[in-house]
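Undergrad: Once you've had a glance at the structure underneath, I'll fire off some questions.
Computed from the coordinates by the stated procedures, all read-outs in this text should not be read as laboratory data. Owing to the predicted nature of the structure, the values given are computational and were not obtained by experimental measurement. So basically every Cβ, Gly included, is an ideal-geometry build from the backbone, and we count neighbours across all protein chains shown.
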Amino acid sequence: WVWYISNMLSRAVGTALLGGAVLVSAASFLRRLLLRPRTPPFWPPLRHVVLFKLKESGAEQVVSAFDALILELNELVVGYERGVQCSPEPVCKGMTHAFVLTFADSAARDVYLSHPKHEAFVEQMRSLIEDVCVTDFEVAHSLEVETE
């Protein structure tokens, strides 16, 4: 399946006319992520959770810039997920977007936080962000639930 995903990404990259550079970077990042040796697994991984309350006018710009930042610093990031707040619970405190980065350890996270590209992202996007909340944790317990 890794070959299939890699092949499909290569085809998508080959046919893309607009944004080709981003697709090439994304394909390269995904290939490295999928093919990265996982034995022995790193444990415990460190999760870096960033919650933003983004100004509506700048949400797409911040999300695109964050994606680009992760692609540029992919040697530090083991995993990356993002999404828009969709909880029906009334306790999101106005946060609109969530970004979850996984690092192999706190040393990789520390390099990321002090990296000039991360610092530039923070400075450039500051005016588009109304509020931010960041928390990090080392995974203490993980459970994979099997479904039928």
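Undergrad: Give me the net charge for the shell around residue 66: Cβ to Cβ below 15 angstrom, other residues only, Lys and Arg +1, Asp and Glu -1.
TA: Surrounding charge for residue 66 is -1.
Undergrad: Rounding to the nearest 20 debye, state how big the charge dipole of region 46-138 is about its Cα centre with +1 on each Lys and Arg Cβ and -1 on each Asp and Glu Cβ.
TA: On the way: 8 positive and 15 negative charges, 39 e Å.
Its charge dipole is roughly 180 debye.
Undergrad: Shifting gears a bit: Put a dot 7 Å past each Cα toward the Cβ at residue 68 and residue 84; how far apart are the dots in nm?
TA: 2.1 nm
Undergrad: Relative contact order for region 46-138: what percent, with Cα pairs under 8 Å and sequence separation of 6 or more?
TA: Reported relative contact order: 53 percent.
Undergrad: Continuing with this model, one more query. Tally Lys/Arg at +1 and Asp/Glu at -1 over every other residue whose Cβ is under 11 Å from the Cβ of residue 95; what's the total?
TA: Combined, the nearby Lys, Arg, Asp and Glu give 0.
Undergrad: Can you run phi through the Karplus equation (6.51, -1.76, 1.60; θ = phi - 60°) for region 105-116 and list ³J(HN,Hα) in whole Hz, with x for Gly and Pro?
TA: 6, 5, 5, 5, 4, 5, 5, 4, 4, 9, 5, x
Undergrad: What does the C-alpha gyration tensor say about the overall shape of region 46-138? Classify as rounded when a/c is under 1.5, otherwise prolate if a/b is larger than b/c, or oblate.
TA: oblate
Undergrad: Taking amide H positions as placed 1.01 Å from N in the peptide plane, with prolines and chain starts having none, which residues 5 or more places from residue 85, or on another chain, fall under 5 Å of its amide H?
TA: Amide H neighbours of residue 85: 97, 98.
Undergrad: What net charge is computed for the residues neighbouring residue 48, neighbours being all others with C-beta under 14 Å from the C-beta of residue 48, Lys and Arg scored +1, Asp and Glu -1?
TA: -2
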